[in-house]
Amino acid sequence: MAPPSLLSTVQAALGSAAMLGYNNSTAAHDIYEGYILTLFLQAAGSEGWTCRCRDGTGMPTSHIVFRLGPGRLTSGNFTHVRLAKPGKADLEAHIGVKVIGKAPYVATRKRKSANVAHEFDLLILSAAAADACRLLGTDPDYGSVVAHAEAKFYGGNLPLPLGRAMVGLATECDLAKKSVLVTNRNGATVQDLIQHYHVDFRFLVTPSGKGEGHLISLFRQFLWTAP
């Protein structure tokens with residue numbers, strides 16, 4: 001069960017629990033992803049980006065519903081956020097979207113994509129790439145990723161396999177210097193491992209905690225380098 005502070009923080013930023021698809025029994029990690037999105041939007045707003053919620057077809061909406069599991073960008077009428085700023089290419093922020101990596105399907109049966117797909121908890125990509133996916137019914141590929149955050153909510157210490165998984169994802173999808181592992185816990189060993197591969201780590205990120213400011217600052221850096 002998610003702490004009430006997580007749910008209320010997302011509600012205050014984006015809308016009511018019913019509209020978000022969340023309730024008090026929704027898994028904490030799902031709500032944590034929505035919470036990390038709100039911090040990204042704070043960073044974007046401070047950098048002069050306008051943020052507008054849109055539905056699965058790309059049309060403006062005030063009815064906000066997020067995925068509670070991994071899915072394709074083109075499947076379901078789920079909400080994403082369109083970001084715009086003069087002098088910058090438009091971006092989109094998605095939760096729980098699959099991204100095509102570099103590894104090809106070889107031993108498995110033929111799929112829609114020739115390469116293996118990976119779930120991204122928070123995906124920031126160019127709006128042009130997202131529009132192309134909706135038009136063609138395809139998935140975004142790793143080359144269209146502008147920024148990425150893995151949002152992990154734990155009740156105890158962070159396991160080292162989490163760091164190894166993060167390193168593997170960063171290597172597979174060329175995420176060096178544009179990816180961050182965000183958690184509500186400390187994890188020095190995990191941090192040492194992933195930062196060796198140029199993936200950032202922000203720990204103790206919780207509502208009203210000191211970690212919020214550190215993550216918002218990093219998100220601002222990601223946006224500075226956006227095309």
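Any read-out appearing in this document is the output of simple, stated calculations on the displayed coordinates, not a laboratory observation. Quantities reported herein were computed from a predicted structural model and do not represent experimental measurements. So basically every Cβ, Gly included, is an ideal-geometry build from the backbone, and we count neighbours across all protein chains shown.
Observations
- Annotation: amide H of PHE78 within the under-5 Å range of GLY56, sequence separation 5 or more or interchain, hydrogens built in the peptide plane.
- Linear extension gain, LEU160 paired with LYS88, 0.36 nm per residue minus alpha-carbon span: 22.2 nm
- Close amide H partners of VAL205, meaning residues 5 or more places away or on another chain with modelled amide H under 5 Å apart, are THR183, ASN184, ARG185.
- Put the Cα centre of the range 86-107 next to the Cα centre of the range 117-167 and the gap is 7 Å.
- Sorting the segments 59-69, 119-129 by their residues' average number of neighbouring beta-carbon atoms within 10 angstrom, most packed first, yields 119-129, 59-69.
- TYR105-THR225 FRET efficiency (beta carbon distance; Förster radius 25 Å; 0.05 resolution): 0.20
- At 0.890 mPa s and 25 °C, Stokes diffusion of the range 4-224 via Kirkwood alpha-carbon radius, µm² per second: 139 µm²/s
- The simple spin-label model puts a point 7 Å past each Cα toward its Cβ; for ALA114 and THR57 those points are separated by 3.3 nm.
- Along the range 74-91 the Karplus relation, 6.51 cos²θ - 1.76 cosθ + 1.60 evaluated at θ = phi - 60°, assigns HN-Hα couplings of 8, 9, x, 9, 9, 8, 10, 10, 9, 10, 9, 8, x, x, 10, 6, 4, 10 Hz to successive residues, with x for each Gly and Pro.
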